[in-house]
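Have a look at the structure below, then the notes.
The values are calculated or read from the model by the stated rules, or taken from the named source; none is laboratory data. Being a predicted model, the structure only gives us computed values, none of them experimental. Here the Cβ is made from the backbone with ideal geometry for all residues, glycine too, and neighbour counts use every protein chain on show.
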Amino acid sequence: MRVPAAGLLLVVAASASGYAPPRLEDGRPDLQGNWVAYNRTPLIRPDGLTELHITVEQAREIEARGNARERDLTIPNETPEFFDERRVARIGGTLRSSIIVDPPDGKIPGTAPLREKIEAFRAQNRDNMDGAEQRPLWERCLGSLAAHPPMLAIGFTNMHQIVQTREAVVFHSESLHEARIFRLAGSHPPAPVISILGSSIARWEGDTLVVETKNFTADQNRSSEFLISSQTVIVERFKRLSRDELSYVFTITDPTYYTQPWTGETHYLRSDEQIFEDACHEGNYSLKHILEGGRVRDGTLR
């Protein structure tokens, strides 16, 4: 189990005021190094919580529910020793009920087509065992919330490495050993290549790295809560707040699935941990067993 270094659990609430980030030869802030995402704050505000800012007791309740889900051995899941120790993080100095900060209610502003697609996806995830192509992206080692935008903490493989040059910034994620390349001072090509990762270009706004990603493969179920489509545009903002904290803010716009743009905020913490290869496809028996288990349940395989 990967546990954040003790010094990182108490994140310096040093906001940008007074902090001067180290800089590279071109004068840009140096974001390089290994960073870990461990924030257990849910993307969507749980029912029963009405405010963004919460108490320590409410944060512990959120953590307890998350730990219980991950360690419930009555449902198919990874074994508990694989999971990172994650906590509800202090963002901007406060504990929060949701990563979503806009809309203010902490909910995804979904359209009717989004709700229909999500419900169909949940039913398919629960019932469809006809073949691998019908299973979610993460079961097929094709998609990960930890590696594809918006990049959020999951149960494990939450390490990332940033490498910078004058022409690009590379964001390498341990999950799926995925590498996103943010081209600086570029533009999206007129005949884009469509992919799960999309196409990213970046620019500096002061000390903030702003990344715009579009040209996604249509209807990607990154989770059971939201969709990415061919119309989606995701803008991410990375800013170094202190030696050990990197702010991460993202905004998703898609007129097909969302009634308005929606924004989330979390962070990464500096880590001295090593990144390992996440060989998801190699020796992956999970998909075979998922299909077999579903067919035994349905009585079509004995």
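Below is a table of values for the structure above.
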item	result
Selected residue (only one of T94, T79 is hydroxyl-bearing (S, T, Y) and in contact (Cβ under 8 Å) with a residue 40 or more places away in the chain)	T94
Number of the exception - E63 against (1) surrounded by fewer than 15 Cβ atoms within 10 Å (Cβ to Cβ); (2) at pLDDT 95 or above	(1)
Sole exception among (1) in a strand (DSSP E or B); (2) within 20 Å of G110 (Cβ to Cβ) for E236, by number	(2)
Residue selected from segment 226-239 under the condition among the charged types (D, E, K, R) and buried (at least 18 other Cβ atoms within 10 Å of the Cβ), by the criterion farthest from I44 (Cα to Cα)	K239
Residue in segment 129-141 that is assigned to a helix (DSSP H, G or I), among the charged types (D, E, K, R), under 25 Å from Y258 (Cβ atoms) and without any contact (Cβ under 8 Å) to a residue 24 or more places away in the chain present	no
Single condition G299 does not satisfy, out of (1) modelled with pLDDT of 95 or more; (2) surrounded by fewer than 16 Cβ atoms within 10 Å (Cβ to Cβ)	(1)
Which numbered condition A68 fails, given (1) among the small types (G, A, S); (2) in contact (Cβ under 8 Å) with a residue 60 or more places away in the chain; (3) farther than 17 Å from I252 by Cβ	(2)
Qualifying positions in segment 245-261 - farther than 22 Å from H160 by Cα and surrounded by 17 or more Cβ atoms within 10 Å (Cβ to Cβ)	D254, Y257, Y258
Sole exception among (1) modelled with pLDDT under 95; (2) under 18 Å from R237 (Cα atoms); (3) β-branched (V, I, T) for V169, by number	(1)
Of all residues making up segment 80-93, the number that are out of contact with any helix residue (DSSP H, G or I) (no Cβ under 6 Å at 6 or more places or on another chain), part of a loop (DSSP other than H, G, I, E, B) and among the aromatic types (F, W, Y)	0
Subset of segment 66-85 that is of a type in the set (A, V, I, L, M) and under 17 Å from S286 (Cα atoms) - its residue that is surrounded by the most Cβ atoms within 10 Å (Cβ to Cβ)	L73
Some residue of segment 94-113 being in a helix (DSSP H, G or I) and of a type outside the set (D, E)	yes
